[in-house]
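Working notes for the structure below.
The values are calculated or read from the model by the stated rules, or taken from the named source; none is laboratory data. Note that this is a predicted model, so its numbers are computed, not measured. Heads up, the Cβs are rebuilt from the backbone with ideal geometry, glycines too, and the neighbour counts pull from every protein chain shown. For accessibility, only protein heavy atoms count, side chains too; no ligands or nucleic acids. Shrake-Rupley method; radii C 1.70, N 1.55, O 1.52, S 1.80 Å.
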2 protein chains.
Amino acid sequence: QGTRDHPPAQAALRERLLGAVVSCFKRHGAAAIDTPVLELRETLMGKYGEDTKLIYELQDQGGELLALRYDLTVPFARYLAMNKVNNMKRYHVAKVYRRDNPATTRGRYREFYQCDFDIAGEFDPMIPDAECLKIVHEILSDLQLGDFVIKVNDRRILNGVFAVCGVPESKFVTACSTVDKLDKVPWDEVRSEMVGEKGLSPEAADRIGEYVQLHGGLDLIERLLQDPKLSQNKLAKEGLGDMKLLFEYLTLFGITGKISFDLSLARGLDYYTGVIFEAVLLQQENEHVEELLGVGSVAGGGRYDGLVGMFDPKGRKVPCVGVSIGIERIFSILEQRLKASGEKLRTTETQVLVATPQKHLLAARLKLISELWDAGIKAEMLYKKDPKLLKQLQYCEDTGIPLAAIVGEQELADRVVKLRDVSTREEV
Amino acid sequence: QGTRDHPPAQAALRERLLGAVVSCFKRHGAAAIDTPVLELRETLMGKYGEDTKLIYELQDQGGELLALRYDLTVPFARYLAMNKVNNMKRYHVAKVYRRDNPATTRGRYREFYQCDFDIAGEFDPMIPDAECLKIVHEILSDLQLGDFVIKVNDRRILNGVFAVCGVPESKFVTACSTVDKLDKVPWDEVRSEMVGEKGLSPEAADRIGEYVQLHGGLDLIERLLQDPKLSQNKLAKEGLGDMKLLFEYLTLFGITGKISFDLSLARGLDYYTGVIFEAVLLQQENEHVEELLGVGSVAGGGRYDGLVGMFDPKGRKVPCVGVSIGIERIFSILEQRLKASGEKLRTTETQVLVATPQKHLLAARLKLISELWDAGIKAEMLYKKDPKLLKQLQYCEDTGIPLAAIVGEQELADRVVKLRDVSTREEV
């Protein structure tokens with residue numbers, strides 16, 4: 001349940017999509033790493049907050065207690081700590097596992113690909129963070145997914161807001177996860193969860209509401225830097241200062257048009273410590289695809305400066321920032337589009353079919369195809385001793401093979417091969 | 001235990017290796033499929049004989065009982081049956097899981113890649129089988145792994161041998177797994193296991209010994225076709241007839257020089273029904289690498305005509321033949337060779353580093369690198385506001401970036417960029 005086979009047409013589309021993402025990661029100078037699907041159970045515990053219950057655990061068959069990785073970020077942090085790496089720009093494309101309620105029509109599965117790009121190391125502020133946003137912008141533009149917006153916030157700003165609104169520090173995390181719902185439900189509902197379930201005072205909730213419903217650009221950052229309460233909070237001030245710097249760099253990249261500083265963005269995971277961001281596709285009018293799939297997040301990430309230290313025996317910290325591309329959702333959209341367009345994706349790359357027009361010519365076909373393979377040419381033949389020429393040409397049309405190399409009795413006598421263009425029927 | 005992280009240098013070598021294998025599979029017209037790492041436990045049970053105990057099972061967390069796939073063949077058969085596919089040429093490159101005793105120095109892990117190519121469908125005999133052997137030949141030649149031999153046998157011939165030597169049919173499978181050890185231990189030991197543990201009569205064991213120590217080519221096939229006992233056995237006769245046909249096709253492919261018809265080859269798995277084969281690298285004199293790793297199987301496969309039927313509710317059969325490339329062993333060999341050669345593999349593909357020679361030029365770098373990325377050029381910069389030029393050039397040398405694009409005050413004034421060849425130090 002919640003997993004799927006990819007038949008050739010899907011596998012080919014996925015290869016194309018992953019190829020586009022990986023080529024962007026390589027364009028930004030990232031190296032690949034690979035880590036096992038299996039991690040020690042203890043490595044994953046205590047990293048995902050409430051979602052820890054969604055981790056797949058292996059049966060105790062003697063030996064270590066194992067679990068399937070839940071994301072690629074925690075294994076990356078474990079890798080950095082284990083190998084004492086202080087400094088790395090890496091990408092990782094691999095499957096992760098979550099015992100979630102699958103919603104397969106919306107592209108949500110229990111086994112799914114993640115495509116992560118992360119920069120680890122002590123650097124000048126916001127330069128790597130800005131690059132992560134540039135990457136999201138490049139990938140979503142390249143894939144022509146339609147209009148999108150990248151929401152940006154900072155955990156330090158959020159925590160500053162909570163502090164100045166009178167939320168006790170012990171409730172920051174839970175307040176954060178309630179704010180995170182603002183992209184799906186209206187403020188009224190979020191407010192009543194805060195006051196009811198989460199036990200904040202109505203006054204605190206109202207004050208929070210005034211902040212988290214704000215979104216904008218550089219102007220909003222400047223305004224909040226002047227805010228009488230926020231400007232007194234050390235964390236918020238730091239966060240806003242860095243946000244200003246980030247916008248400066250994004251302006252140089254020419255991408256602020258798609259960026260929204262949005263105080264309602266909170267992100268679910270515990271480990272973020274600074275900038276956070278999330279890209280959403282915008283609903284397009286008259287587009288059936290988006291209606292079917294709903295709009296939603298197609299990329300997200302942020303800064304997590306404390307995670308590596310959790311795996312280091314001496315607590316040595318390695319600051320990190322990274323982005324994860326929500327490839328499954330994008331895949332679902334591209335798949336629906338392809339279906340709607342009626343375009344048929346080739347599932348093989350075969351260039352030529354080796355064919356014979358008469359019987360008793362299997363040997364000639366085997367010899368010729370062997371020569372083609374050895375010359376690096378992608379070639380197929382039917383696995384019949386004496387197939388009909390029509391069947392052979394039909395196979396070319398069905399699978400999109402552009403050429404047929406035909407050896408008949410005459411060609412053998414003349415020591416030539418007849419090359420036929422399948423679509424134009426021209427022969428040479 | 002028995003799993004490993006792949007740091008960038010290994011990941012890059014692996015990408016190159018898998019690329020070579022996949023390009024061979026594509027050259028032969030295969031389409032890709034993907035299946036989940038998780039399979040229903042019941043799908044895997046009863047398919048691997050004694051090795052069933054090596055299957056990783058997931059904890060029962062409610063819902064289905066799951067296990068990690070043990071190979072890619074059983075999931076392929078399940079896929080064909082579930083989707084009622086009668087006919088398919090597919091490749092699949094993915095990780096599989098075995099709770100085996102790891103021998104990591106020899107390239108044996110609990111999590112490892114398999115690279116499988118299979119042809120499913122009802123065809124004229126031995127044509128797809130011959131193609132599988134051609135593929136093994138191409139891949140091992142392409143990778144320049146040194147001299148190798150591909151051993152070929154047929155389960156029907158082996159079973160025929162057992163029958164004419166007086167082994168009861170109920171003991172064919174167990175006799176088969178004992179014969180399989182002949183590549184590692186001498187005949188004496190195999191014989192005493194047959195007589196001792198497996199309970200065959202000494203006479204039967206001796207008769208088996210006369211056959212299974214034979215190996216050769218077409219001449220041996222002809223001799224056995226005339227063998228007074230074997231020629232009377234229906235199964236053996238069928239197998240020998242097909243073996244003769246196979247050699248005919250392999251002669252047309254020009255690869256019989258590396259093929260050995262070897263009656264000791266048995267292969268461990270239960271599901272083979274016809275041709276079986278295994279490629280081994282031959283020990284090379286004075287080669288340290290092979291000594292370290294030992295010689296052994298680097299590819300194997302065979303025909304399994306009954307497996308798909310086990311997953312079909314009506315038992316509908318789809319004959320299959322396939323090959324699996326032992327990528328981990330090959331990887332270990334290539335890794336050792338690379339180490340011995342001292343060659344350093346680049347882990348990134350960055351073409352140019354954007355650098356500045358003076359302070360306060362971060363904005364210029366950000367603007368230029370953004371233009372390069374948008375033009376599809378692989379570019380990096382250091383994440384420092386004011387890095388020293390020497391540090392920037394040093395980074396190029398360390399990571400193999402061939403060019404530096406330098407913007408200084410003069411270049412900005414002249415509206416140019418200085419391009420420096422890192423190795424020759426030429427500038428334009």
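The listed residues B:234, B:151, once ranked by accessible area (1.4 Å probe) with the largest placed first, stand as B:234, B:151.
Of the Cα atoms belonging to the protein assembly as shown, the radius of gyration and Dmax stand at 31.0, 103 Å. Shielding of peptide A:19-32 by partners, expressed as the average count of other chain Cβ atoms within 10 Å per residue Cβ, is 5.
What is the mean number of Cβ atoms from other protein chains located within 10 Å of the Cβ atom of each residue in peptide B:2-11, rounded to a whole number?
Mean shielding count: 6.
For chain B, the relative contact order works out to 17 percent when only alpha carbon pairs closer than 8 Å and six or more residues apart are counted. Between the amide H of residue B:260 and those of B:150, B:151, B:152, distances stay under 5 Å, these residues lying 5 or more places away or on another chain, with hydrogens modeled in the peptide plane.
For segment B:176-328, count the residues as N, evaluate 2.2 N^0.38 Å, and divide the Cα radius of gyration by that value, please.
So the Cα radius of gyration is 1.17 times the expected 2.2 N^0.38 Å.
Axis of helix B:155-164 versus longest Cα principal axis of chain B: the two differ by about 30°, to the nearest ten degrees. Straight-line reach only, C-alpha to C-alpha below 16 angstrom: list the lysines that residue A:418 could link to, leaving out same-chain residues fewer than 8 apart. Leaving aside lysines fewer than 8 places away in the same chain, those within reach of residue A:418 are A:367.
Across segment A:320-331, rounded Karplus estimates of 3J(HN,Hα) from the backbone phi angles (6.51 cos²θ - 1.76 cosθ + 1.60, θ = phi - 60°) give 9, 9, x, 9, 10, 8, x, 5, 5, 5, 5, 4 Hz, Gly and Pro being marked x. Within the listed set A:91, A:211, A:383, the residue fluctuating most in the Gaussian network model of chain A (springs between alpha-carbon atoms under 10 angstrom) is A:383.
Size estimate for segment B:352-421 follows the Kirkwood approach: the inverse of mean 1/r over distinct Cα pairs works out to 11.9 Å.
Within chain B, what percent of beta bridges assigned by DSSP are antiparallel, to the nearest 5?
In chain B, DSSP labels about 80 percent of beta bridges as antiparallel.
Partner shielding of B:361-372 amounts to 4, given as the average count of beta-carbon atoms from other chains within 10 Å of each residue beta-carbon. Other residues with beta-carbon under 15 Å from the beta-carbon of residue A:189 carry, at +1 per Lys or Arg and -1 per Asp or Glu, a net charge of -2. Identify all lysines with a Cα-Cα distance to residue A:95 below 18 Å; exclude those on the same chain that are fewer than 8 residues away in sequence. Cross-link targets: B:95.
On C-alpha positions alone, give me the angle between the axis of helix A:234-253 and the longest principal axis of chain A, in degrees, nearest 10. Compared with the principal axis, the helix lies near 40 degrees. Ranked by the mean number of other Cβ atoms within 10 Å per residue, highest first, peptides A:122-134, B:401-413 order as A:122-134, B:401-413.
Roughly to the nearest percent, how much of the accessible area of segment B:316-385 is carbon and sulfur, given a 1.4 Å probe?
54
Remark on residue A:275: its backbone amide H falls under 5 Å from those of A:155, A:303, a criterion applied only to residues 5 or more positions apart or on other chains, H modelled at 1.01 Å from N. For helix A:73-82, what angle does its Cα long axis make with the longest principal axis of chain A, in degrees from 0 to 90 and rounded to 10? Between helix and principal axis, roughly 80 degrees. With only the Cα atoms considered, segment A:8-341 has a convex hull volume of 151 Å³ per residue. Would you tally the net charge around residue A:10, using a Cβ to Cβ cut-off of less than 9 Å, leaving residue A:10 out, and scoring K and R as +1, D and E as -1? Result for the neighbourhood of residue A:10: -1. What nm distances, shortest first, do you get from the label point of residue A:226 to those in the other copies when the point sits 7 angstrom along Cα to Cβ? The projected label point of residue A:226 is separated from its counterparts by 10.6 nm.
Across the copies of the chain, residue B:197 has label points (7 Å from Cα along Cα→Cβ) spaced 5.9 nm apart, shortest distance listed first.
Centroid-to-centroid, using Cα positions, segment B:200-252 and segment B:9-59 are 33 Å apart.
Sorted shortest first, the separations between the residue B:41 label point and its copies elsewhere in the assembly read 1.6 nm; each point sits 7 Å from Cα along the Cα-to-Cβ line.
I want the local charge near residue B:268. Using Cβ-Cβ distances under 13 Å, sum +1 for each Lys or Arg and -1 for each Asp or Glu among the other residues. Neighbour charge sum, excluding residue B:268 itself: -2.
Nearest-5 percent of antiparallel DSSP beta bridges in the protein assembly as shown? Please list the in-between numbers first.
On the way: 93 of 115 bridges.
Around 80 percent of the beta bridges assigned by DSSP in the protein assembly as shown are antiparallel ones.
Applied to segment B:134-144, the Karplus parametrisation 6.51 cos²θ - 1.76 cosθ + 1.60 on θ = phi - 60° returns per-residue 3J(HN,Hα) values of 4, 4, 4, 4, 4, 5, 5, 5, 3, 7, 6 Hz, with x for Gly and Pro.
Amide H contacts of residue A:66 (H built 1.01 Å from N, in plane; Pro and chain starts excluded): A:41, A:58 sit under 5 Å, all sequence-distant by 5 or more or on other chains. Computed 3J(HN,Hα) for segment A:417-428, one whole-Hz value per residue from the Karplus formula 6.51 cos²θ - 1.76 cosθ + 1.60 where θ = phi - 60°, is 10, 8, 9, 10, 7, 5, 7, 8, 6, 5, 10, 10, glycine and proline marked x.
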